[in-house]
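Take a look at the structure below.
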Amino acid sequence: MKNTDKKSRSRLSGVVAMILATCVVIGLLTSSAIKLASATYLFKDSLKNIPVVGEKLDQLVNNNPVVQTPTQAPVTQAPVQAPATQAPTKAPDTTKAPDTTKAPDTTKAPDTTKAPDTTKAPETESTTSSAELLKQNQSILKNYNDVVNKAKLAGVRPSFTKATYRTVSWDFWEDWFFGFGDVASNNPDYFVSEGDAKAAPTVVPADKVTKELCIPNKSYASILDDENADAVAEAVKSASKEKLADGTIKLTIVLNDESNPTPIKDNARQSESFTSAMFPVVTAEDFRDILDNGEVEEISLTYTDCTVELIYNPATGEIVSLKQTSSYVADFMDGYLPVSAVVKEVSEYYNFAY
């Protein structure tokens, strides 16, 4: 009887243990299920914020048989794909009419033709006419020499009126800061204004022509050799001859630039520089005296665009008027400072009486 009770209690304990184990397992499963359901619900709820995904989840979770074809169209997004092909917007890129044609670049009519450059007609003509131009310059220079030198011949010398005026130009700093602007006012006899010169011109009698006409104190007015082609080519920049309305002839001769021309030596019949062969020139020492400043050094004088304009009567070979214009750039050092000035000198001869 006792054994039976023990077995019964043992069986009861086993059943109770099984029941408790089952309850524990069920509890664990239930807890996991609840957690899973809760997580699924939260995940589903968050996905519902995305319209398309939310709708699909509704169908799957709720086992909704509705296919909802209307909502499928936006998923394929056929209208959205159309801009992706971008046929309308690509049209300018695929055609690119301006780039593929590029008519101006492929033809390049101005570059391929280039008639002036390939033919070089002006250059061949200038090569051909250079000799003729040189002969023309020689002829005009001879014409000038004959007329002005005749005026210095004994027994032919005329009287005339002469007005010579000069100006000097400095830049702002050389004028204001260095004080070179006072040079002109300190040399009133040399730097005479055009108005003052013409208001009180010099009347030159016939016996003073040698001293006053063109090159001073010489028996000639010009000794630039018109027969020497090389000398003329080196000296003459341009020359022209023009017949005026009253029948007189005007000769214009412009010389090339020349640095530090040498004055003609006494009794010389030739000049070492072409500028001094036609114009009175100053030396570095002369310019130092003009400045009245013995401290300036390294003086260099460059004569530029010296021009003569002669009007004469072709019937008599007599001068009607003569104008000489010479300019030189004076570069020098004042202590350690470089300075530059431009001096212009004009001499006008008129009222010739033979």
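Things worth noting here:
- Counting only residues that are surrounded by 12 or more Cβ atoms within 10 Å (Cβ to Cβ), over 33 Å from the mean Cα position of the chain (by Cα) and in a strand (DSSP E or B), the range 234-250 holds 3 of them.
- From K135, K152, residue being among the basic types (K, R), assigned by TED's automatic domain parsing to the domain that holds D226 and not in a loop (DSSP other than H, G, I, E, B): K135
This table checks each residue for (1) more than 25 Å from E298 (Cβ to Cβ); (2) out of contact with any Pro (no Cβ under 8 Å at 6 or more places or on another chain); (3) not aromatic (F, W, Y).
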residue: V236; (1), (2), (3): yes, yes, yes
residue: E242; (1), (2), (3): yes, yes, yes
residue: I249; (1), (2), (3): yes, no, yes
residue: V254; (1), (2), (3): yes, yes, yes
residue: S259; (1), (2), (3): no, yes, yes
residue: A268; (1), (2), (3): yes, yes, yes
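- Pairs meeting the criteria (first residue in the range 326-340 and of a type in the set (F, W, Y), second residue outside any strand (DSSP E or B), beta carbons under 6 Å, at least 6 apart or on different chains) are F332/V296.
- Residue check for T262: β-branched (V, I, T) and over 36 Å from the mean Cα position of the chain (by Cα): yes
- Identity of the residue in the range 325-354, buried (at least 18 other Cβ atoms within 10 Å of the Cβ) and out of contact with any Phe, Trp or Tyr (no Cβ under 6 Å at 6 or more places or on another chain), that ends up modelled with the lowest pLDDT: F332
The values are calculated or read from the model by the stated rules, or taken from the named source; none is laboratory data. Predicted model, so just to flag it, every value in this text is computed and none were measured. All Cβ positions, glycine included, derive from the backbone under ideal geometry; neighbour counts span all protein chains shown.
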